[in-house]
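The values are calculated or read from the model by the stated rules, or taken from the named source; none is laboratory data. Quick caveat: nothing in here was measured; it's all calculated off a predicted structure. Please note: Cβ atoms are built from the backbone with ideal geometry, for glycine as well, and neighbour counts cover all protein chains shown.
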Amino acid sequence: MSGFGCAPLIVIPPELAEMPVTNDGWFPDIDATRIRDEWRVRDVVTPDRLKRAIVGAIMTIGNQLAAWQVAHVLAGHASLAAVPSPKIDGTSRLVLLYARAIGASAKAELVETYRDMDLTGAGQRQVDDMEPSIVELRRDALHAVRDMLGRTRLRVELI
């Protein structure tokens with residue numbers, strides 16, 4: 001082995017590689033390999049564990065967007081991609097926000113469930129140091145959902 005990279009802890013055989021997670025037909029399917037790459041999910045998380053986290057994220061985010069989805073279905077939009085929205089790099093902004101919400105939520109679940117998966121190679125970080133990471137991931141998911149809903153990110157209450 002050369003360079004500064006480290007060898008994978010678990011080598012995933014090609015036949016176990018991630019398959020897309022099929023969604024409800026209105027929201028887009030989720031590419032597990034892309035989630036793994038974009039959210040830096042380490043190889044200690046097996047494809048099955050990653051899929052379970054993505055399914056959990058789909059359910060969580062889907063619950064938050066259920067009424068919004070119904071309104072768009074009733075307005076005649078056959079899918080999330082069909083909802084009018086600006087395009088960024090050729091993809092609907094709403095589709096990008098949805099993927100962000102799913103990725104952040106799935107990664108938060110994985111970090112929370114498998115706290116050792118996000119440790120550095122030396123393993124020196126304390127478990128308590130990971131709490132901000134989980135909170136930040138959940139915040140990112142919430143911000144993506146709120147952006148989709150057209151709501152502000154800030155909630156202020158008078159004390």
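So the values come out like this:
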{"quantity": "Candidates Leu74, Leu65, Leu80, Leu50 - the one that is among the hydrophobic types (A, V, I, L, M, F, W, C) and within 14 Å of Val111 (Cα to Cα)", "calculated": "Leu50"}
{"quantity": "Every pair of residues 6+ apart whose Cβ atoms lie under 9 Å, when the first sits in the range 22-44 and is more than 16 Å from Leu96 (Cα to Cα) while the second is part of a loop (DSSP other than H, G, I, E, B) and modelled with pLDDT of 95 or more", "calculated": "Thr22/Asp29; Gly25/Ser79"}
{"quantity": "Total residues in the range 7-38, condition assigned to a loop (DSSP other than H, G, I, E, B), modelled with pLDDT of 80 or more and on the phi < 0 side of the Ramachandran plot", "calculated": "10"}
